[in-house]
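Please treat every number below as a calculation from the coordinates, not as lab data. Model, not experiment: these values are computed from the prediction. Here the Cβ is made from the backbone with ideal geometry for all residues, glycine too, and neighbour counts use every protein chain on show.
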Amino acid sequence: MQINVTFRFYGELNDFLAKSFRKKAFILSLNGNPSIKETIKSLGVPHTEIDLILIKRKPIDLNYKLRNGDFISVYPVFESFDISSVSPIREKGLRGLKFLIDTHLGKLAKKLRILGFDCYYRDDHIDKETNQFLIDEKRIILTRDKDTLKDRSVTRGYFVRNQNPNDQLLEIIEIFDLKRQIKPFTRCPVCNGSIDIVSKQSIDKFLEPLTRKSYNDSFQCVECNKCLGERISSTENNEMN
């Protein structure tokens with residue numbers, strides 16, 4: 001049995017669609033009654049990018065079986081406000097954010113860490129073990145690989161659009177509404193550990209001569225013991241540009 005359904009995707013979800021389907025309603029002819037998740041995936045849109053689906057103004061979940069004549073409106077993740085009480089797709093809003101950042105986004109990881117965000121970085125491809133870590137830690141994966149977000153085990157993820165690291169940082173801050181959560185120099189840009197302020201005397205042997213002469217207090221990572229000093233805002237930042 002063939003059915004006809006109409007889709008309309010909103011916002012940045014259009015980035016994943018074929019050009020002929022972007023920013024307008026379009027009709028699909030389908031065989032049987034496939035789930036909405038299967039159909040959306042076939043169009044190239046990762047389910048992790050979706051926060052709300054409406055049919056006749058009623059929210060539905062990803063297991064919904066499509067019916068002839070359905071008009072489906074699909075909306076991207078709303079991070080500037082919580083719609084968990086409305087949408088059955090996401091159990092709760094993504095607050096207290098922690099990220100898993102995959103290969104090719106190392107500079108973005110360092111920049112987010114400098115701003116105080118918990119970022120676990122993988123310098124190789126995401127595997128099943130990493131996906132389980134992602135689920136257990138309730139982390140959001142940031143990636144430039146669309147196929148990664150189509151994996152069934154990935155429940156929270158975002159495709160980074162920009163290629164320049166500085167533009168990527170601004171993109172993530174805006175899309176996840178991070179401005180009020182920024183806590184600079186509280187996380188190590190090297191290993192992601194927490195940073196403490198320590199006295200110069202306690203780490204004197206680790207300091208370079210000019211640093212020892214110029215500052216009374218210093219930043220030190222509690223995980224890797226790297227002494228970051230007051231140079232964290234300059235030296236580390238230059239390394240990432």
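Things to note:
- Virtual paramagnetic centre 7 Å along Cα→Cβ of LEU62, amide N under 13 Å, in region 6-41: 35-41
- Ranked list, fewest to most other Cβ atoms within 10 Å of each Cβ, for LYS226, LYS183: LYS183, LYS226
- The gain in end-to-end length when the CYS191 to ILE175 segment is fully stretched comes to 3.3 nm, 0.36 nm per residue minus the alpha carbon separation.
- Across region 178-191, rounded Karplus estimates of 3J(HN,Hα) from the backbone phi angles (6.51 cos²θ - 1.76 cosθ + 1.60, θ = phi - 60°) give 9, 3, 7, 9, 5, 9, x, 6, 10, 9, 6, x, 8, 10 Hz, Gly and Pro being marked x.
- Around ILE27: net Lys/Arg minus Asp/Glu count, Cβ-Cβ under 12 Å: +1
- A simple packing score, the average count of other Cβ atoms within 10 Å per residue, orders the peptides 64-70, 45-51 as 45-51, 64-70, with the highest score first.
- Sorted by Cβ neighbour density within 10 Å, fewest at the top, the residues VAL77, VAL160: VAL160, VAL77
- The distance between label points at ARG161 and ASP123 comes to 3.1 nm (points 7 Å beyond Cα on the Cα→Cβ vector).
- Spin-label pair SER73/ASP136, simplified geometry with 7 Å Cα→Cβ offset, distance in nm: 4.1
- Fewest-first ranking of PHE117, PHE176, PHE26, using other Cβ atoms within 10 Å as the exposure measure: PHE26, PHE176, PHE117
- Taking amide H as placed 1.01 Å from N in the peptide plane, the amide H of LYS98 sits under 5 Å from that of ILE140, each at least 5 places away or on another chain.
- Residue-count net charge about VAL160 - beta-carbon cut-off 13 Å; Lys, Arg +1, Asp, Glu -1: -3
- 10 Å-binned pair-distance histogram of region 1-45 (Cα, whole percent): 26, 58, 16, 0
- Other residues with beta-carbon under 10 Å from the beta-carbon of THR103 carry, at +1 per Lys or Arg and -1 per Asp or Glu, a net charge of -2.
- For region 98-181, the Cα-based Rg and Dmax, in that order, read 11.9, 33 Å.
- Per-residue ³J(HN,Hα) for region 4-9, Karplus 6.51 cos²θ - 1.76 cosθ + 1.60, θ = phi - 60°, Hz, x for Gly and Pro: 10, 10, 10, 10, 9, 9
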